[in-house]
1. Scan segment 1-86 for chymotrypsin sites (Phe, Trp or Tyr not before Pro) in coil per DSSP, keeping those whose Cβ has at most 13 other Cβ atoms within 10 Å, and list them by number.
2. On a full-extension model of 0.36 nm per residue, what is the gain between F213 and K43, subtracting their alpha-carbon distance, rounded to one decimal in nm?
3. I'd like the Karplus ³J(HN,Hα) series for segment 144-158: coefficients 6.51, -1.76, 1.60, θ = phi - 60°, whole numbers in Hz, and an x wherever there's a Gly or Pro.
4. Express in nm, to one decimal, how much length is gained between E166 and R350 on full extension, taking 0.36 nm for each residue of separation and deducting their alpha carbon distance.
5. What number, in percent, do you get for the relative contact order of segment 283-365 if the mean sequence gap of Cα pairs under 8 Å and at least 6 apart is divided by its residue count?
6. Counting only helical runs of four or more DSSP H residues, what would the 222 nm mean residue ellipticity of the chain come to if each run contributes -39,500 (n - 2.57) and the total is spread over all its residues?
7. Putting +1 on Lys and Arg Cβ atoms and -1 on Asp and Glu Cβ atoms, find which of Y241, Q277, T318 reaches farthest to the positive end of the dipole of the chain.
8. Could you line up E91, E136 from fewest to most neighbouring Cβ atoms inside 10 Å?
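Laboratory data are not the source of any read-out in this text; all were calculated from the coordinates shown. Remember, predicted model here, so these are calculated numbers, not experimental data. Positions of Cβ are generated from backbone atoms using ideal geometry, with glycine treated the same way; all protein chains shown enter the neighbour counts.
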Amino acid sequence: MELKQTPFTATHIALGAKMHEFAGYNMPIQYTSIIEEHLTVCKGVGVFDVSHMGEFWVKGPKALDFLQSVTSNNVAALPVGKAQYSCFPNEEGGIVDDIIVYHYEPEKYLLVVNAANIDKDWAWCNSHNSIGAELENSSDRMAQLAIQGPKAKEVIQKLTAVNLDEIPYYAFTVGEVAGVKDVIISATGYTGAGGFELYFYPEHAMTIWNALFEAGAPEGIKPIGLGARDTLRLEAGFCLYGNDLNDTTSPIEAGLGWITKFVDGKNFTNRAALEKQKAEGVTRKLIHFKMVDRGIPREHYDLVDAEGNVIGCVTSGTMSPTLKIGIGMGYVKPAFAKLDTEIFIDVRGRKLKAVVAKPPFRSVE
């Protein structure tokens, strides 16, 4: 199967990136080293090509009613110019996908979905659109760059008259960047290091890319691959669909009760079952942990108690580039989910100690 390309694929290859398939796209995994790229974002500014993500427009007088029925968060509370983290619950108690909802204009919303789930999510939205909301899949007609890190704002500010200080976290505006009109400038990201995400038409991709790297040269701006994107999101404590969330993990189990709103009039998919879970409790909970013993937790490793009894499973794990210890996420029985609880990771028969901890796992001097 021929891999899909983003408007930046040829540029990644020309820059010597190590490329690999991700969600059907030919994507850069790293340019230099994951650790170096990770620290560039933590301390300075890096640019991620996230044009593989999916974008759906939801429009018309039925748009809000539709979104209230298919998403877990309360879209009625979302003002124009703000974004909201949410998910599509399924009928079995799991999650179809985790998403971001943008209130773009009155009666017009933008949904940003995970690249690997574009087709699944599009089918889901259409099959649950019984009230006639206008749906448009613009995934192939939008490009996206994430400019992340403490110096991201000053780099982008050189390219736009929009006052970026007036865009708080999870808010956005539409403006001109590097001479390109109608760019969505969003104070969101998946790194925990601050910054913005820019959405624009693919034909303007290299104009914006070249302007960013010219403007960011004094700040040491660098392109960043998906490898560092994963270590950054793990240090920040953000879930990854397919690892920490999937069709069988409920938002309540995943600690996403805060995006699951049981407000009057919002009868979303599987509401009753999720409300019951919230009231009565769940049989497993997603935790974050730090290694005490030296070792790297990996996906699918068993989590065990002091006696070696299996209590859960690692869903994501890595060596933290900033803390230089193993960190991870996983589901455990509720009795082991409290902060500071000692747990163990079964690493090829060796029982390595860890402790339940609260992210972010980051200390950058």
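1. Nothing satisfies the criteria.
2. Taking 0.36 nm per residue and subtracting the Cα distance, the gain is 59.5 nm.
3. With coefficients 6.51, -1.76 and 1.60, one gets 8, 10, 9, 9, 10, x, x, 9, 4, 4, 5, 5, 5, 4, 5 Hz.
4. 61.1 nm
5. Numbers: 206 pairs, mean separation 30.7, N = 83.
Relative contact order for segment 283-365 comes out at 37 percent.
6. Calculated at 222 nm, the ellipticity per residue is -5500 deg cm²/dmol.
7. Projecting each Cα onto the dipole axis, the largest value belongs to T318.
8. So the residues, fewest neighbours to most, are E91, E136.
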